[in-house]
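K.L.:
What follows is a single structure, and I will ask about it in a moment.
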Amino acid sequence: MLAMDYPAFDQTMNHGWRALSDGLRCAVEAANLIHEYRITKNPTHPMLYWHEGQLRASAGEVREALPLMEQSRSLAGSIPGWNELVDATIAFLRNDRAAFDKAHIAIDAVPQARFAQAVGKLSHCFGMSYMQALMCEK
């Protein structure tokens, strides 16, 4: 998998790390693979930081996930709503409802923010683990 190009490794469903994660059952293994790929092939790509952070948070490795998510903010801030998504997710992981609500309001104010639905889902499932929130049907 380390020989794959970036789109195949990170952006193609059922390929690259996504094939390894197996519906998040192997989140730590997939996060470790992303880490290795990021270090050896593409050390500054924001989505690699983000996806590694998501996987670590899913596995309960919140302390390890937070700096990765922070790093994705500084690298991908030009995507409309991105920083607000990062802020909301970090606030969710810290169980900081006030900061979460502030980020939620901010993302709702961003035109064409494609992440508002994801933040809405986190809002409905606030207080759950990140893994539980990803599976939450509320």
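K.L.:
Can you give the angle from 0 to 90° between the axis of helix 82-93 and the longest principal axis of the chain, with both taken from C-alpha atoms, to the nearest 10?
P.N.:
In the chain, helix 82-93 runs at an angle near 80 degrees to the longest axis.
K.L.:
Relative to the first principal axis of the alpha-carbon coordinates of the chain, what is the inclination of helix 46-58, with its axis defined by its Cα atoms, in degrees from 0 to 90 and to the nearest 10?
P.N.:
Result, in degrees: 70.
K.L.:
Please identify every one of the trypsin sites (Lys or Arg not before Pro) in segment 1-73 that sits in a loop by DSSP and has no more than 12 other beta carbons within 10 Å of its own beta carbon. Please list the in-between numbers first.
P.N.:
Values: sites: Arg18, Arg25, Arg38, Lys41, Arg56, Arg63, Arg73; in loops: Arg25, Lys41.
Answer in residue order: Arg25.
K.L.:
Could I ask something else about it? In whole angstrom, and with the biggest value first, how far do the Cα coordinates of segment 26-67 range along each principal axis?
P.N.:
26, 19, 12 Å, listed from the longest principal axis down.
K.L.:
Quick one: in the chain, what % of C-alpha pairs are over 20 Å apart? Display every interim value, and only then the final one.
P.N.:
On the way: 4257 of 9453 pairs.
For the chain, the fraction of Cα-Cα distances above 20 Å is 45 percent.
K.L.:
Follow-up question, since we're still on this one. Could I have the simple spin-label model distance between Asp5 and Leu24, label points 7 Å from Cα toward Cβ, reported in nm to one decimal?
P.N.:
3.1 nm
K.L.:
Still on this structure: Mind running the shape call on segment 49-115? Use the C-alpha gyration tensor, a ≥ b ≥ c as the square roots of the eigenvalues: rounded below 1.5 for a/c, prolate if a/b tops b/c, oblate otherwise. Walk me through the numbers on the way to the answer.
P.N.:
Numbers: a/c = 2.35, a/b = 1.35, b/c = 1.73.
It comes out oblate by the Cα gyration axes.
K.L.:
Nearest 10 degrees, 0 to 90: what angle lies between the long axis of helix 62-76 and the longest principal axis of the chain (Cα atoms)?
P.N.:
The answer is roughly 90 degrees.
K.L.:
Would you please give the FRET efficiency between Asn14 and Ser78, computed as 1/(1 + (r/R0)^6) with r the Cβ-Cβ distance and R0 = 30 Å, to the nearest 0.05? It would help to have the intermediate numbers written out before the result.
P.N.:
Working: r = 28 Å, r/R0 = 0.94.
The calculated FRET efficiency here is 0.60.
K.L.:
Among residues other than Ala27 whose Cβ falls under 14 Å from its Cβ, what is the net charge (Lys/Arg +1, Asp/Glu -1)? Numbers along the way, then the final one.
P.N.:
Details: positive: Arg18, Arg25, Arg56; negative: Asp22, Glu29, Glu52, Glu61, Glu64.
Value of the local net charge: -2.
K.L.:
Scan segment 64-138 for GluC sites (Glu not before Pro) in coil per DSSP, keeping those whose Cβ has at most 11 other Cβ atoms within 10 Å, and list them by number. Could the numbers behind the result be given before it?
P.N.:
Working: sites: Glu64, Glu70, Glu84, Glu137; in loops: Glu137.
Within segment 64-138, the qualifying GluC sites (Glu not before Pro) (loop, at most 11 other Cβ atoms within 10 Å) are Glu137.
No lab work stands behind these numbers, since they all come straight from the coordinates. None of the values given here were measured: they were computed from a predicted structure. Cβ atoms come from the backbone with ideal geometry, glycine included; neighbour counts cover every protein chain shown.
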